[in-house]
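Since the structure comes first, as structure tokens, the remarks are kept for the end.
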Amino acid sequence: MRADFPGRIVCLTEETTETLYLLGQDHRIVGVSGYTARPPEARKKPKVSAFISAKFEKIMELRPDLVLAFSDLQSEIVRELLVRGLNVLAFNQRSIPEIEDMIVTLGRITGVPEKGDALVADFDRGLQSIAQSAARFPRRPRVFFEEWNDPLISGIRWVEELIETAGGEPVFPELRDGRSGKERLVDPAAVVERDPEVVIASWCGRKVNKDAIRARPGWGAISAVRNNHVYEIKSTYILQPGPASLTEGARQLHAILAHAVGVALPQELAPAERMDPDLA
């Protein structure tokens, strides 16, 4: 292993772990987040953090050359690790282009820039195939993506971008640039006013309660509720911004929207993971 690339990396969130595996650099990973789900073998690595908390002594024992973090929500963890003398790289991606920048950066800092470029190109091809399929839709249904239920939060930018790729029209496009959840708060009454034809929810770390969504005051008048188009996508497929996760998330979005507009889903674009049973 070349000495001028980090040889012992701790990943405090899932998407950098996933990306390093896809780059063939998993041998460099010595610690991961406890929320890590993909690939399954990554869960065998020592678990050193949740999302907003970390086991600092355990991280220090692993003697990492580099710690990878994500978003302002981990700023206090990053500060403590810097005080302890560790090298930390914190990503803060909120859009598909920024996610691709993260992939390219990881390729470069681990000495495999060509693999980073190839992974981005493959990710792009997958999204382009979905967009081409979505062009067959007779219409683009209005979509509300619910990132959290209380308070009600609309989708982060990369989710809204994937909805558009998959064939839908987000009903709160003006909120997508809000980098924090507080900037994407939604009044439930405003959702009724915009009348989404599809509601898709993904509550990080919690199973979505679709009956509770349908029972909200006034929501019985929403087209999505009246026509039984309320769905869940697990957060591991849509809220963890790694290339494999989001490719699966985009496929699930496309499958939901194809179902909503009555278009058959091409077999080659069928989701690989288990989906909402209401699509059966």
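So which residues in the stretch 75-112 are open to solvent by 30 Å² or more (accessible area, probe 1.4 Å), in contact with a strand residue (DSSP E or B) (Cβ under 8 Å, 6 or more places away or on another chain) and assigned to a loop (DSSP other than H, G, I, E, B), if there are any at all?
Hits for the stretch 75-112 are 87, 92.
Residue 113 - would you say it is without any contact (Cβ under 8 Å) to a residue 24 or more places away in the chain and out of contact with any Leu (no Cβ under 7 Å at 6 or more places or on another chain)?
Criteria met by residue 113.
Would it be correct to say that residue 232 is at pLDDT 95 or above and out of contact with any Asp or Glu (no Cβ under 6 Å at 6 or more places or on another chain)?
For residue 232, the condition - at pLDDT 95 or above and out of contact with any Asp or Glu (no Cβ under 6 Å at 6 or more places or on another chain) - is not met.
Being buried (at least 21 other Cβ atoms within 10 Å of the Cβ), in contact (Cβ under 8 Å) with a residue 12 or more places away in the chain, assigned to a helix (DSSP H, G or I) and not charged (D, E, K, R) narrows it down to one residue among 123, 145; which is it?
On inspection, the qualifying residue turns out to be 123.
Considering each residue of the stretch 195-225, count those that are farther than 14 Å from residue 144 by Cβ, of a type in the set (D, E, K, R) and part of a helix (DSSP H, G or I), and give that number.
Final tally of qualifying residues: 1.
Could you list all residues from the stretch 187-207 that are within 20 Å of the chain's Cα centre (by Cα), more than 26 Å from residue 134 (Cα to Cα) and surrounded by 14 or more Cβ atoms within 10 Å (Cβ to Cβ)?
The answer is 204, and nothing else.
Restricting to the stretch 1-48, give me the number of residues that are part of a loop (DSSP other than H, G, I, E, B) and of a type outside the set (Phe, Trp, Tyr).
19
Restricting attention to the stretch 179-201, does a residue exist that is in contact with a Pro (Cβ under 6 Å, 6 or more places away or on another chain) and in contact (Cβ under 8 Å) with a residue 60 or more places away in the chain?
yes
The values are calculated or read from the model by the stated rules, or taken from the named source; none is laboratory data. Here the structure is a predicted model, which means the values were calculated and not measured. All Cβ positions, even for glycine, are placed from backbone atoms using ideal geometry, and neighbour counts span all protein chains on display. For accessibility, only protein heavy atoms count, side chains too; no ligands or nucleic acids. Shrake-Rupley method; radii C 1.70, N 1.55, O 1.52, S 1.80 Å.
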